[in-house]
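All remarks here apply to the structure that follows.
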Amino acid sequence: MPFKSVINEYYARDISKKVRSAIRNSALNGEHHAGRAPYGYLKDPKDKRKLIVDDEAGPVVQLAFQMCANGHSIYAICKHLFEQRVVVPSALEFQRTGRLGERFDHDQPWDWRYRSIDTILRNPMYLGHMVSGRHTTKSFKNRAIVRVPEEDWIIVEGTHEALVSEEQFEKVQRIVATRERTNVRHGKNMFAGLLKCADCGKNLTYSSSKEMRGGEGGFNCDGYRHSYRSKDGTRCTAHNTPYKPLREAVLVHLNGLLTSCYEETAFIERMEQRGEDTGEDSRKAITKLRQRDSKLKVLTRRVFEQNADGTISDDTFAELYSGYQAEQRDIAAKIDDLEKQLTVQRDEAEQARRFLAKVREYKQFPELTREALLDFVEKIVVYEGTGKRGYRQQEIDIIYQFIGKVPHGTVPLQ
């Protein structure tokens with residue numbers, strides 16, 4: 001019996017490995033192998049491993065993304081779908097197949113939940129990409145489902161029709177990652193999730209204290225509030241930042257950037273100039289490394305010939321050959337790093353053009369809004385203030401979408 005148990009366990013383990021391998025190969029080929037298609041899609045009747053757009057649910061997905069991009073909260077989306085009597089995904093599945101996969105209110109099958117909309121807004125499959133391997137089990141013995149880190153997901157692009165654009169999806173991801181929060185005294189905090197401490201990297205937390213300048217409250221470093229200490233044991237400082245001067249400073253800088261961007265040629269030239277000098281140095285370094293690599297190949301052939309005709313001993317040959325091989329590997333690694341740097345620098349001009357395409361939608365902002373911040377700003381880095389009370393000055397760095405920190409991007413807060 002113990003021997004049979006060992007054989008049975010070996011058989012089950014072997015089958016598990018084969019099943020996992022087959023599923024992984026299917027995922028790498030961009031095939032859909034889950035039990036159900038994601039909401040908004042259907043399995044293709046001609047090929048169950050392909051997805052096609054669901055004419056009934058697809059527009060609902062597009063509506064949810066559009067409403068979120070326009071500034072509506074997830075709760076507002078749920079309310080709108082409830083009012084329009086749009087049935088939830090599990091109720092739609094039940095109506096079509098009679099299978100009850102997940103529970104829902106049969107009296108109100110259009111009662112949408114926050115989690116359902118949040119899951120839809122975070123799903124990259126609506127970009128037209130097949131995403132697999134997001135969940136797995138611990139082993140063939142333990143069937144408990146565990147989440148897989150995002151960097152280990154299997155993503156195959158362009159496998160089916162997209163329901164949302166890349167830009168809209170990215171904007172929605174920024175919105176759901178930095179949800180706007182309401183304060184009982186002063187309403188919504190438009191900077192929620194965007195302010196970062198320059199020293200410890202923590203978020204800045206909103207405080208509605210009227211003692212701060214402007215009477216609208218302000219922000220403090222979350223690391224300071226929770227006594228966070230860095231590796232060297234030092235504690236971060238408060239980074240007190242008043243709400244009103246911050247809003248006014250960001251508005252002035254953003255409007256100034258919009259004005260300068262209308263001179264498109266000059267703007268792109270400035271963006272390209274940022275990496276021009278380092279790019280030229282990188283190209284020269286790559287040329288020299290490739291010349292050295294070619295010379296090493298010649299030397300390698302030569303020592304082979306010298307060893308073959310007995311000019312050099314086997315020990316000398318082995319020493320020279322191993323040295324040449326090590327140097328060639330080092331050169332290959334350096335060339336790869338330099339080429340990656342050049343690729344990043346070439347992408348900066350394209351990123352600048354994407355930024356300009358967004359700029360064309362606006363002229364000037366009479367007032368700062370949450371939508372404008374999410375469209376243009378990636379984050380705002382806040383430094384500790386200097387000077388005595390009444391004469392205090394503070395600086396911030398505005399990091400923009402696509403283009404990063406523009407020249408002279410430091411904004412003083414008086």
Taking 0.36 nm per intervening residue step and subtracting the Cα-Cα distance, what contour gain separates Asp111 from Glu395 on full extension? 97.5 nm
For a quick check of your reading of the filter: which GluC sites (Glu not before Pro) in the stretch 293-343 sit in a DSSP loop and have no more than 11 other Cβ atoms within 10 Å? none
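So if we plug the beta-carbon distance of Ala162 and Gln306 into 1/(1 + (r/R0)^6) with R0 = 56 Å, what FRET efficiency do we get, rounded to 0.05? Mind showing how you got there, number by number?
On the way: r = 60 Å, r/R0 = 1.08.
The pair Ala162/Gln306 has a calculated efficiency of 0.40.
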Just grab the label-to-label distance for Lys43 and Asp336, each label 7 Å out from Cα along the Cβ direction, in nm (one decimal). 4.0 nm
For the pairs Lys334/Lys405; Lys18/Lys48; Lys196/Lys405; Lys46/Lys171; Lys17/Lys141; Lys17/Lys138, flag any whose C-alpha to C-alpha distance is greater than 23 Å. Lys334/Lys405; Lys46/Lys171
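Return Lys171, Lys18 ranked ascending by Cβ neighbour count within 10 Å, so the fewest neighbours appear first.
Details: Lys171 21, Lys18 10.
Neighbour counts put them in this order, fewest first: Lys18, Lys171.
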State, to one decimal in nm, how far the label point of Arg103 lies from the label point of Lys405, with both points 7 Å from Cα in the Cβ direction. 5.2 nm
Measuring from a point 7 Å past the Cα of Glu83 along Cα-to-C-beta, which residues in the stretch 53-76 have an amide N at less than 12 Å? 76
For the stretch 2-175, the Cα-Cα pair-distance distribution in 5 Å bins from 0, as whole percents, is 1, 7, 14, 17, 17, 16, 12, 7, 4, 3, 2, 1, 0, 0
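Packing-wise, with mean Cβ within 10 Å as the measure, how do 365-372, 290-297, 192-199 rank, highest first?
Working: 365-372: 14.1, 290-297: 12.4, 192-199: 20.4.
Put in order of decreasing packing, that is 192-199, 365-372, 290-297.
Do any GluC sites (Glu not before Pro) in the stretch 8-90 lie in a DSSP loop with no more than 15 other beta carbon atoms within 10 Å, and if so, which? Could the numbers behind the result be given before it?
Working: sites: Glu9, Glu31, Glu56, Glu83; in loops: Glu31, Glu56.
Within the stretch 8-90, the qualifying GluC sites (Glu not before Pro) (loop, at most 15 other Cβ atoms within 10 Å) are Glu56.
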What is the Cα centroid distance between the stretch 1-43 and the stretch 221-255, reported in whole angstrom? 50 Å
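Which FRET efficiency, nearest 0.05, do Asp232 and His33 yield, Cβ-Cβ r, R0 51 Å?
Working: r = 50 Å, r/R0 = 0.98.
It comes to 0.55.
Where a number appears in this text, it was derived from the coordinates with a stated rule and is not lab data. Since we're looking at a predicted model, the values are computed, not measured. So basically every Cβ, Gly included, is an ideal-geometry build from the backbone, and we count neighbours across all protein chains shown.
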